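> Sharing a structure here in structure tokens format.
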Amino acid sequence: MIIKRRGKQADKERLEILMRRFPRADLLVNEYAAACAGEGGEERFDFYIDRCGPKFPHLILHDVSLKSVSPFQLDSVMITPWCLYIFSVKNLKGVTEIRTNPAQSIHTKDDGSASGRRSPVEELETHAWLLEEWLMRHNLIAPIRTILVFSYPKQIPEGIPPGQIVLFSHQLPMFLAKLKAEPAVLRETEMREIADEMLRYHRPYVHAPICKDKRYPVSLMKKGVWCKDCGRLGMRRVHGYWVCSCGAKDKDAHKRAIRDWLLITGEPVTNRAAREMLGLDKVKIVNRLLREMDLERVGAYRGTGYQLKTHK
Ligand SMILES: [Zn+2]
């Protein structure tokens, strides 16, 4: 059973914000295509895992961000009665050669150019350790196993250490169908308890504020409520709805604008800043809109602001 689906990828969201809020964002087309490819790899993984439905009791959570010794992000977790499987999904074109001592991967593209990266095996081992720490801190115990998933068979992994499970996405259904149930160490209530605790402590990954990048200062940010139908800024609020000159009508368009503002500035949004961003000079209405969003309230009275919930 899938109990948490994947949110929008942070890299992709950041580029979308740049494209709607800053001039010269047309330069980002290639970067955006790469982010979409990464997301495509995860969607492919989800597609295969959705259709396999293992026969043993299991709970699946996609895209979980937790914090123990340091913050860490798991692509997918499957809780079973005998262990937690953590999956890392990679979508790298060309040859990925995994080395040890020092742990690193050498990535060679089709054009022959090579670059060093973090080893996906070492990264998974680190995630397993951070998750083990997290479980201990929450008085939970479960064995952890790791599975490295490559999205497409045209990717060529080399130098995989013995014992590390590596699959291509399309092999997931058969792998899970054939996976043999082992003696249980967790009851179903305990499996659920782990899942609930993960949901409770999950905080979506947030990039460093966009304005930290000198190319995108707040002063260049275009304000206004963005229309998802026509891509223009400047929706107006009429009788509780945001309406656009293209005819689109949207109840929640302000949420997108406020989130853009928060991800660009990295600061709590005040009523005044929100009014400017939304182009809506109504203190009470803006107050209510902010309160109704899933944000953390900071400060008091005139200094009240709202910020994204993140790992402290
Ligand atoms: Zn529109």
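The values are calculated or read from the model by the stated rules, or taken from the named source; none is laboratory data. Here the structure is a predicted model, which means the values were calculated and not measured. As a convention, Cβ positions derive from the backbone with ideal geometry for all residues, glycine included, and neighbour counts pool all protein chains shown. SASA here: full protein model, heavy atoms, side chains in, ligands and nucleic acids out. Shrake-Rupley method; radii C 1.70, N 1.55, O 1.52, S 1.80 Å.
> In nm, what is the difference between 0.36 nm times the number of residues separating R203 and R236 and their Cα-Cα distance?
Numbers: separation 33, 0.36 × 33 = 11.88 nm, distance 3.15 nm.
Fully extending the segment from R203 to R236 adds 8.7 nm.
> Still on this structure: Taking a probe of 1.4 Å, how large is the accessible area per residue of segment 1-143, in Å²? Please report the intermediate quantities before stating the final value.
Working: 6770 Å² over 143 residues.
I get 47 Å² per residue for this part.
> Looking at segment 43-137, which GluC sites (Glu not before Pro) are DSSP coil and have at most 15 other C-beta atoms within 10 Å of their C-beta?
Values: sites: E43, E97, E122, E123, E125, E132, E133; in loops: none.
Those that pass, being in a loop and sparsely packed, number zero.
> What cysteines in the chain have no other cysteine with a beta carbon less than 4.7 Å from their beta carbon?
That list is C36, C52, C83, C211.
> Using the per-residue mean of other Cβ atoms lying within 10 Å as a proxy for protection, in what order, highest first, do the peptides 184-194, 108-118, 211-221 fall? Let's see the in-between values first.
Details: 184-194: 14.9, 108-118: 10.5, 211-221: 13.2.
By packing density, highest mean first, the sequence is 184-194, 211-221, 108-118.
> Subtracting the Cα-Cα distance from 0.36 nm times the residue separation, let me have the gained length for E276 to D294 in nm, one decimal. Walk me through the intermediate numbers first.
Details: separation 18, 0.36 × 18 = 6.48 nm, distance 2.03 nm.
Extra length from E276 to D294 when fully extended: 4.5 nm.
> Placing +1 on the Cβ of each Lys and Arg and -1 on the Cβ of each Asp and Glu in segment 166-287, which of G266, A184, G240 has its Cα farthest towards the positive end of the resulting dipole?
Final value for the positive-end residue is G240.
> Counting only protein heavy atoms and a 1.4 Å probe, tell me what percentage of the chain's accessible area is made up of carbon and sulfur.
51
> Going 7 Å from the Cα of C52 toward and past its Cβ, which residues in segment 164-191 have a backbone nitrogen under 19 Å from where you end up?
Counting only backbone N, you get 164-183.
> Report relative contact order for the chain in percent, whole number only (criteria: Cα-Cα under 8 Å, sequence separation at least 6). Provide the component values of the computation, followed by the final result.
Values: 511 pairs, mean separation 50.1, N = 312.
Across the chain, relative contact order equals 16 percent.
> Farthest toward the dipole's positive end in the chain, which of C211, N287, P173, given Cβ charges of +1 (Lys, Arg) and -1 (Asp, Glu) about the Cα centre?
N287
> With a point put 7 Å past each Cα toward its Cβ, work out how far A25 is from R187 in nm, to one decimal.
The two pseudo-label positions are separated by 5.2 nm.
> Full-extension gain between T100 and C83, please, as 0.36 nm times their residue separation minus the C-alpha to C-alpha distance. Can you show the working numbers first?
Values: separation 17, 0.36 × 17 = 6.12 nm, distance 2.63 nm.
Extra length available between T100 and C83 comes to 3.5 nm.
> Mind checking the dipole of segment 214-307: about its Cα centre, +1 per Lys or Arg Cβ, -1 per Asp or Glu Cβ, Debye to the nearest 20? Don't skip to the end; give the middle numbers.
Working: 21 positive and 10 negative charges, 44 e Å.
Here segment 214-307 has a charge dipole of around 220 debye.
> Related question: Measure off 7 Å from each Cα along the Cα-to-Cβ vector at L220 and Q9, then give the distance between these two points in nanometres to one decimal.
2.4
> May I pose another question? Using the Cα centre as the reference, give the magnitude of the dipole from point charges on the C-beta atoms of segment 2-201 (Lys, Arg: +1; Asp, Glu: -1; all else neutral), rounded to the nearest 20 debye.
Dipole size: approximately 260 debye.
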